[in-house]
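The values are calculated or read from the model by the stated rules, or taken from the named source; none is laboratory data. Here the structure is a predicted model, which is why all the values come from computation and not from measurement. Cβ placement follows ideal geometry from the backbone for every residue including glycine, while neighbour counts extend to all protein chains displayed. These accessible areas exclude ligands, DNA and RNA; they are computed on the full protein's heavy atoms, side chains included. Shrake-Rupley method; radii C 1.70, N 1.55, O 1.52, S 1.80 Å.
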Amino acid sequence: MNRWSSLALAFGCGVATGIGLLMAHRRRRVCHEASGHVQVHTNAPVLGADTVLSDPILCEHLARCTAFVGGESQQRLADAFVVVVGLGGVGSHAAQALLRSGVGRLRLVDFDQVSLSSLNRHALATRKDVGDAKAVVLKEHFERILPEANVEAMVSLYNADTREAALSGSPDYVLDCIDHVDTKADLLATCVARGLPVVSACGAGARADPTRVRMADIAECAADPLARAVRHRLRFQHGIKEGITVVFTTEKPQVTLVPLPEEAADDPSQLQVMPTFRVRAMPVLAPVPATFGLACAAHVLSQLAGLKLHPTPPVVLRDAQYERLWNRLLDREEERFGSLDGLACDKDELAYAALELWKGASARMGSLKAAARDKGTYRNTTNLTFTRWDAQKVARVDNLVLLTVEEADKHDQKSLHEVRQSEPQWSKEVEEVLQRAKQCYSFA
């Protein structure tokens, strides 16, 4: 071992020893003889914007997250208050990801208890926790992970009688991890009515492929049965058609519900956890609900930290559609400029722009209106074409906008200055999308 390695090792051991002594000083254990339960008391500071970057233990605990989001964003996370409703295979993973990332205050809401059959998908529960309330179990585990966080366990079914308590305190974000349709719709409608940011997890059971998990507006997720049922209730009972981010899968269910046992065939209601709840059990492969929960947490963390996610759209475009768009661009370049000398992209880059940037829809329509017009994940691109946003620049992927043929013809008759003057808001939105392409391809 050379001199610098020795110094690095000594420094590392010194930091580790110092942190260890601080933690030992901060913690003391008190045994309650009556119950035999060991409760951890701590004199740790409360996690918040004023401590997350100054307290040495918190600073080291959250160092990797802080390195990713930046100091100011980590302070925002420390000051954030998030409510997670539903603490099963999806919600438990979402909640622990929020905690481990430094969210300062969490309210965990669930009426149910840990069961043996739920251990295959729960994030932290063990056999010792079976029979205990899921909310309390998570709170106890969380206190051992990040004792400085403010974690509240609410052992209650979310409904009309409990919604005030569940959503009190002006939370910065709400995670809907409920799998009951009517309860889910009520929670989402309540959040929209109160202006509370919310993300919703749809059906994760009976699926196996985590690569099919998507994040989009609820208007764009017709492939998911639970999302369809919730969307129907939101639209016809609450007048809500869009504006809620959901995590769902394009994968069809791979298996059916577990058959009823013979002894319950005459009276299936005896298996209901609550009235109106599903009687037959849903088969679950553990990685999929975990993926849903982590995706929800990633969305919430990015929103609170001021980061932007650009999820892969739940849209299917076929090779023939890409081919048509490519040929139309070639024809347009020839007609407008007399040659293809200004063409500075290839077919693969055009496919990226069609799907990832414009989601198979005109820049004037937007993906939500296209989703309402078209069926499911299909997009009708028959009348669409790419054209240069700025005619003075080459036809590169960061200078191509997708429009209908008629819209493109009108656009080409104006200078970019005229477009910006007449439609400043739309121009800003288009240029934000084009900026993503510039960043993706590292254009100067």
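Annotations for the structure displayed:
- Residues (surrounded by 17 or more Cβ atoms within 10 Å (Cβ to Cβ) and either of a type in the set (S, T, N, Q) or not in a helix (DSSP H, G or I) (or both)) located in region 310-334: Pro313, Pro314, Val315, Leu317, Gln321
- Residue match in region 175-189 (condition: free of Cβ contacts under 8 Å to residues at least 40 places away in the same chain and open to solvent by less than 10 Å² (accessible area, probe 1.4 Å)): no
- Restricted to strands (runs of 3 or more DSSP E) entirely inside region 134-237, those with at least 1 residues that are out of contact with any helix residue (DSSP H, G or I) (no Cβ under 9 Å at 6 or more places or on another chain) and under 28 Å from Leu309 (Cα atoms) are 150-154.
- The one condition in (1) at pLDDT below 95; (2) open to solvent by 50 Å² or more (accessible area, probe 1.4 Å) that Arg163 fails to fulfil: (1)
- Restricting region 286-309 to residues that are closer than 16 Å to Ala201 by Cα and either assigned to a loop (DSSP other than H, G, I, E, B) or of a type in the set (Phe, Trp, Tyr) (or both) leaves a set whose member that is least open to solvent (accessible area, probe 1.4 Å) is Phe292.
- Set Arg280, Arg214: member being modelled with pLDDT under 95, over 24 Å from Val84 (Cβ atoms) and not hydrophobic (A, V, I, L, M, F, W, C): Arg280
- Looking across region 398-441 at every residue that is in contact (Cβ under 8 Å) with a residue 12 or more places away in the chain and part of a loop (DSSP other than H, G, I, E, B), the one that is surrounded by the most Cβ atoms within 10 Å (Cβ to Cβ) is identified as Tyr441.
- Output for region 219-243, where each listed residue is open to solvent by less than 20 Å² (accessible area, probe 1.4 Å) and in contact with a Cys (Cβ under 9 Å, 6 or more places away or on another chain): Cys221, Asp224, Ala227, Val230
- Scanning region 107-122 for residues that are of a type in the set (A, V, I, L, M, F, W, C) and either under 17 Å from the mean Cα position of the chain (by Cα) or surrounded by fewer than 22 Cβ atoms within 10 Å (Cβ to Cβ) (or both) turns up Phe111, Leu116, Leu119.
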